[in-house]
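Have a look at the structure that comes next, please.
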Amino acid sequence: MTGVTVCCGAVNSIKALWETRIKKSKDELKKEIEQRDRRAVGRLTGAWEDRITLAKLKEKVVTEEGRVILRIEQEKSKTLPPALVQLSQIQEWQLHRIGLKKIPRFISSFESLIVLDLSRNSVTEIPKEIGKLTRLRELFLSYNKVSCVPEELGCCENLEKLELSMNENLDELPTQLSNLKKLYHLDLSMNQFTTIPDCVVNLPSLEWLDMGSNRLESLPEDIHRMEKLHTLWLPRNELEYLPDNICRMQSLDTLVLSKNKLRDIPPLMEGMSNLRFVNFRDNPLTYDVTLPDLKEDADEEENDREMFGREFMHFYIQEARKRGSQTFTSVINVTLEGVSETASSL
């Protein structure tokens, strides 16, 4: 009887073990089926969501003057959906005030992109994939939070306009940007630059440069290398002097230097015949001069231009030369008088 009891106990244990294993297998199989079903539903839901997203994006696409444009303004969208890749034929992005924080890396898929305008967002980084956009002509990233520009931007060989004004901590540019042979318009205003970057001086086609409201303390001595530059905006900086080579900028016709720390105007600037408009307003210039022939019937704006503009510059240089000569003569006279008195006493 004892043997029978032991045998029955062993059989029951084995039976319980198998039942446990069978139940576990069934549970695992059930879980796997449920997970597979959820994934299938998820894929189906994702596909439908992508379709809905794509349909909404297509509503934002317009065609103007033969150019396909994606235009989104004042709608909250911190990121751009991957479904956007399916609209890679778009030639221009106009995404303003949408709170965008990141330029997606799939931007490289938009090889037809000509204009990328992401002004007034919260973009913190320009991805290196930007270098794949070899047809890009205009890049606008003003009023964002960009602190670094990737060297790959120098691969955008057809870039003509670049605007990076009002970014938080932007204070330098990669040397590779000098490869932008077609860039003629550059806006770096309202940043933290202390000097004009070498790559900017090396841009062969640059015609228009705005570096106002930075922290510029001096200008490069070889500034005349910007041979095609006709407009240079430098207001609200820390400039104390101008290099003499500025007078060799033969194409320069507009120069704004208001609200700096200039003490003098280089005499050689008198020969800049192509300079049509210049502004020296709000600088602590050494001499306080006023144009003698200021028009009484001119409006206030015109008076301001004359008071601190081209005519003012010429008159200031002449006055500075005259007063400098008088000072030099006075010094000689004082010296000669001192010599005479000494000779007499001897």
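Is there any pair with a first residue in the range 241-257 that is in contact (Cβ under 8 Å) with a residue 40 or more places away in the chain and a second that is polar (S, T, N, Q) and open to solvent by less than 40 Å² (accessible area, probe 1.4 Å) whose Cβ atoms are under 8 Å apart and which are 6 or more apart or on different chains, and what are they?
Taking only residues 6 or more apart or on different chains, the pairs are Val256/Asn279.
Report the residue count in the range 68-89 for those that are touching a Leu at 6+ places or on another chain (Cβ under 8 Å) and either closer than 17 Å to Ile52 by Cα or crowded, with 18+ Cβ neighbours inside 10 Å (or both).
10
Within the range 69-106, take every residue that is of a type in the set (Val, Ile, Thr) and in a loop (DSSP other than H, G, I, E, B) and give me the one that is farthest from Ser147 (Cα to Cα).
In this case the residue turns out to be Ile90.
On to the next question. Condition check: touching a Lys or Arg at 6+ places or on another chain (Cβ under 7 Å), modelled with pLDDT of 95 or more, part of a helix (DSSP H, G or I) and small (Gly, Ala, Ser). Does Ser112 satisfy that?
Judged against the criteria, Ser112 is not a match.
If you scan the range 115-145, which residues turn out to be assigned to a helix (DSSP H, G or I) and open to solvent by less than 30 Å² (accessible area, probe 1.4 Å)?
Ile130, Gly131
Just give me the residues in the range 195-226 being open to solvent by 60 Å² or more (accessible area, probe 1.4 Å) and farther than 16 Å from Met249 by Cβ, in sequence order.
Answer for the range 195-226, where residues must be open to solvent by 60 Å² or more (accessible area, probe 1.4 Å) and farther than 16 Å from Met249 by Cβ: Thr195, Asp198, Arg215, Glu217.
Sticking with this structure for a sec: Report, by residue number, each residue of the range 149-170 that is farther than 19 Å from Glu111 by Cβ, open to solvent by 80 Å² or more (accessible area, probe 1.4 Å) and at pLDDT 95 or above.
Glu151, Met166
To continue, here is another question. Looking at the range 305-323, I want the residues that are at pLDDT 90 or above and have a partner that is surrounded by 17 or more Cβ atoms within 10 Å (Cβ to Cβ) and not in a helix (DSSP H, G or I) with Cβ atoms under 6 Å, at least 6 apart or on another chain. Which pairs are those?
Between residues of the range 305-323 that are at pLDDT 90 or above and residues that are surrounded by 17 or more Cβ atoms within 10 Å (Cβ to Cβ) and not in a helix (DSSP H, G or I), the close pairs are Gly309/Val278; Arg310/Val278; Met313/Ile265; Met313/Val278; Tyr316/Ile265; Ile317/Ile265.
Still on this structure: Of Leu262, Leu173, Leu229, which residue is in contact with a strand residue (DSSP E or B) (Cβ under 9 Å, 6 or more places away or on another chain) and either surrounded by 20 or more Cβ atoms within 10 Å (Cβ to Cβ) or at pLDDT 95 or above (or both)?
Sole residue among the options that is in contact with a strand residue (DSSP E or B) (Cβ under 9 Å, 6 or more places away or on another chain) and either surrounded by 20 or more Cβ atoms within 10 Å (Cβ to Cβ) or at pLDDT 95 or above (or both): Leu229.
The values are calculated or read from the model by the stated rules, or taken from the named source; none is laboratory data. From a predicted model like this one, the values you see are computed outputs, not experimental measurements. Methodologically, a virtual Cβ is constructed for each residue, glycine included, from the backbone with ideal geometry; neighbour enumeration extends over all protein chains shown. Areas reflect the complete protein model, heavy atoms only, side chains present, ligands, DNA and RNA absent. Shrake-Rupley method; radii C 1.70, N 1.55, O 1.52, S 1.80 Å.
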